[in-house]
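Just below is one structure, and these are the notes that go with it.
The values are calculated or read from the model by the stated rules, or taken from the named source; none is laboratory data. If you're wondering where the values come from, they're calculated on a predicted model, not measured in any experiment. All Cβ positions, glycine included, derive from the backbone under ideal geometry; neighbour counts span all protein chains shown.
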């Protein structure tokens with residue numbers, strides 16, 4: 001991420017009024033889920049011309065949130081969001097489709113394994129589709145690699 005969450009967004013992490021008061025969080029600030037915090041941060045990044053990025057990526061804690069996926073799609077933000085294999089999604093015809101069903105019916109050649117660097121428990125990697133990526137400013141393909 002390009003920023004730290006605001007006090008209002010962090011407030012959703014606790015329902016202890018005393019803790020919130022000690023942290024300076026106003027009493028009227030309510031619970032906010034992490035995906036909605038991410039969505040608010042993404043909206044601010046898109047509104048700030050000084051923030052330049054080509055795509056948005058997040059783990060399945062964010063990828064399972066339909067509002068975040070819909071926002072990225074509607075705003076034409078290229079995104080890679082991990083999703084659990086049993087998350088019900090819709091295919092291009094609006095029919096229910098599970099991610100594990102997509103994996104089962106596509107050839108291995110359409111997927112690309114990429115390194116995400118070292119993590120706390122060793123090397124991290126991800127698998128994603130081989131496809132072009134677009135720049136936020138140009139909306140044109142930047143290449144065919146799949147960054148993680």
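Key figures for this structure:
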quantity	calculated
The one condition in (1) modelled with pLDDT of 80 or more; (2) outside any helix (DSSP H, G or I) that residue 21 fails to fulfil	(2)
Given (1) touching a strand residue (DSSP E or B) at 6+ places or on another chain (Cβ under 9 Å); (2) exposed (fewer than 13 other Cβ atoms within 10 Å of the Cβ); (3) under 23 Å from residue 64 (Cβ atoms); (4) modelled with pLDDT of 80 or more, index of the condition residue 83 fails	(2)
2 or more residues more than 13 Å from the chain's Cα centre (by Cα) and free of Cβ contacts under 8 Å to residues at least 40 places away in the same chain: qualifying strands (runs of 3 or more DSSP E) within segment 33-129	111-119, 122-129
